[in-house]
Amino acid sequence: MVSLTTCINNLELKNPFILASGIMDEDAGSMKRILQEDAAAVVTKSIGLHERNGHSNPTFLELEHGLLNAMGLPNPGIDSYGSEIKKINNDNGKIIGSIFGSNVEEFEILSEKMQNYGVNALELNLSCPHAKGYGLEIGQDPEEINKIVRAVKQSVSIPIFVKLSPNVNDICMLAKAAEQGGADAIVAINTVKAMKIDIETKRPILANKIGGYSGKAIKPIGIRNVYEIFEAIKIPIIGVGGITKGEDVIEYIMAGASAVQVGSGIYYNGIQIFTQLKEQVIKWMTQNNYQNIKELIGVAHK
Ligand code: SIN
């Protein structure tokens, strides 16, 4: 019998499959549907202090090898979002509340409110690559990361995950700053900064011009980041980027991830991707004589 149970510090998950922030996570109904599949947890849409419309359209396009988006952190604001979270019956899995802020104080307020809504853990979005004053703009400074994580840690008792960007010189330095601030896990990676120009109109297609690239093409970038972070820190890592099949999950876990998040994979395979991943991972483990997924974490480093 194969065991897929994994732990992100003291958050136990029935398997390593988590819905990534930004897809099918705006309302309780879609998150409940995902939890009824074989996902162990869902990450909410990133929520800020106030309602935001996000960037103008077009905000999303499919490219040959991946997806490009510049949504601009649209969200209803923390006070309205509480009712959605409270509607989710999380008997089937865990809820991870994603938050973004522009400074320490905003992160403190958001984290306390999310905890009061009943989420099981927090994900600090310090990595959105295209929202002025948020995400990567503050998440590329190790001192700022350290200050924010330290403050959130003092404000709440639930585990804190920090989602980092690959669009930096040294992601390990940022992961270490988060770990020293008291983070319980690192989530890597957010999308890769990218652009598409329409050669007929000679203009960038996204209204924001620059967006974040996700999907199959970024998997090797995610794997490399997880591999390097694993050598730099001791806290668990959640791998994200380009996962569409069981072998991708195994690769992330061998690189050092204790769990994985799936976002764009839902665009390609539908929500049944969680069941597909589960079946494919169990098949691979059975064929390769592994009984426990934890045995595979970081084996590529040995
Ligand atoms: C967005 O809302 O623009 C995407 C969020 C992110 O990339 O973190």
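Considering (1) surrounded by fewer than 20 Cβ atoms within 10 Å (Cβ to Cβ); (2) part of a helix (DSSP H, G or I); (3) within 16 Å of the ligand (Cβ to nearest atom), the lone condition that SER83 does not fulfil carries the number (3). For first residues located in segment 119-145 and touching a residue at least 24 places away in the same chain (Cβ under 8 Å), partners that are within 11 Å of the ligand (Cβ to nearest atom) and aromatic (Phe, Trp, Tyr) and lie 6+ apart or on another chain with Cβ distances below 7 Å form the pairs ASN125/PHE100; CYS128/PHE100; CYS128/TYR134; TYR134/PHE100; GLY135/PHE100.
Of all the criteria given as (1) surrounded by 19 or more Cβ atoms within 10 Å (Cβ to Cβ); (2) part of a helix (DSSP H, G or I); (3) small (Gly, Ala, Ser), the one not satisfied by ALA217 is (1).
When the residues of segment 36-51 are filtered to those that are surrounded by fewer than 19 Cβ atoms within 10 Å (Cβ to Cβ) and out of contact with any Ser or Thr (no Cβ under 9 Å at 6 or more places or on another chain), the one that is farthest from LEU73 (Cα to Cα) is GLN36.
Table: residues versus (1) under 18 Å from the mean Cα position of the chain (by Cα); (2) buried (at least 17 other Cβ atoms within 10 Å of the Cβ); (3) within 15 Å of the ligand (Cβ to nearest atom); (4) part of a helix (DSSP H, G or I).
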residue: PRO166; (1), (2), (3), (4): yes, yes, yes, no
residue: ASN169; (1), (2), (3), (4): no, no, no, no
residue: ASN190; (1), (2), (3), (4): yes, yes, yes, no
residue: TYR213; (1), (2), (3), (4): yes, yes, yes, no
residue: ILE250; (1), (2), (3), (4): yes, yes, no, yes
residue: ALA259; (1), (2), (3), (4): yes, yes, no, no
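Pairing each residue of segment 250-264 that is on the phi > 0 side of the Ramachandran plot with any residue that is in a strand (DSSP E or B) and of a type in the set (A, V, I, L, M, F, W, C), provided the two are 6+ apart or on different chains, yields C-beta distances under 6 Å for GLY256/ILE237. Applying the criterion of being in contact with a strand residue (DSSP E or B) (Cβ under 9 Å, 6 or more places away or on another chain) and basic (Lys, Arg) to the residues of segment 192-225, the residue that is nearest to MET71 (Cα to Cα) is LYS209.
Every read-out reported here was derived from the displayed coordinates using simple, explicitly stated rules and does not represent laboratory data. Keep in mind it's a predicted model, so treat the numbers as computed, not measured. Cβ sites come from the backbone with ideal geometry, for glycine too, and all protein chains shown count toward neighbours.
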